[in-house]
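Peer 1: Below you will find the structure I want to go over with you.
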Amino acid sequence: MDKPNIARNGRKRKHEILGTPIRVSGRIVGQVIPPNYVKDITNRHMLTTPPAIANDIQALTDAERAGAIYCVFTNINTGIVYTASIAEIFERGRHVNFGYGDQYALGLGHWTQSQAPGYATPTEEPEVKPLKYKSRVTKGAVFNGVQLPLFGGRR
């Protein structure tokens with residue numbers, strides 16, 4: 001059951017599609033691997049006031065039709081996995097529309113949060129290497145302590 005890893009536009013996909021793809025306006029936004037609707041999100045997908053995660057209503061209903069019971073969203077910036085049931089999103093979520101279509105936003109307090117397996121938090125500072133450069137100064141030149149005026153100014 002190998003599915004091609006090439007999108008319709010001929011480019012390589014970011015992730016291999018293992019389940020049923022969920023599309024919104026022709027774009028693949030996630031996939032259903034029963035019983036989960038799986039999606040990768042970034043920090044910019046999260047609402048700040050109030051803290052919540054919003055998802056397209058069409059995507060939720062399509063995922064539910066494809067056999068999903070839970071939404072499992074992985075924040076690729078922090079490695080946190082957010083899990084909630086689709087029924088809870090419809091019951092407790094708020095209807096919002098910020099110009100990206102009709103969405104339901106569920107507050108972060110209603111999501112189960114866990115750390116993604118294999119995600120390493122950046123704890124070490126990157127090693128800083130000394131700058132290597134070549135000087136263009138003539139070898140053997142000695143500074144005599146007198147600096148010449150730049151524009152022939154006063155003496």
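The values are calculated or read from the model by the stated rules, or taken from the named source; none is laboratory data. Predicted, not measured: the structure shown is a model, and the values here were computed from it. Here Cβ is always computed from backbone atoms with ideal geometry, including for glycine, and neighbour counts include all displayed protein chains.
Peer 1: Tell me which residues, restricted to the stretch 80-117, are part of a strand (DSSP E or B) and aliphatic (A, V, I, L, M).
Peer 2: I80, V81, A84, V96, A105, L106
Peer 1: Output the residue which, of all residues in the stretch 96-155 that are surrounded by 10 or more Cβ atoms within 10 Å (Cβ to Cβ) and aliphatic (A, V, I, L, M), is modelled with the lowest pLDDT.
Peer 2: Checking each candidate, the answer is A116.
Peer 1: Output the number of the condition that A52 fails; it satisfies all remaining conditions of (1) in contact (Cβ under 8 Å) with a residue 40 or more places away in the chain; (2) within 17 Å of I22 (Cα to Cα).
Peer 2: (2)
Peer 1: Here are V72, V32, V24: which of them is in contact with a strand residue (DSSP E or B) (Cβ under 9 Å, 6 or more places away or on another chain), of a type in the set (V, I, T) and touching a residue at least 60 places away in the same chain (Cβ under 8 Å)?
Peer 2: Only one candidate passes the filter, namely V24.
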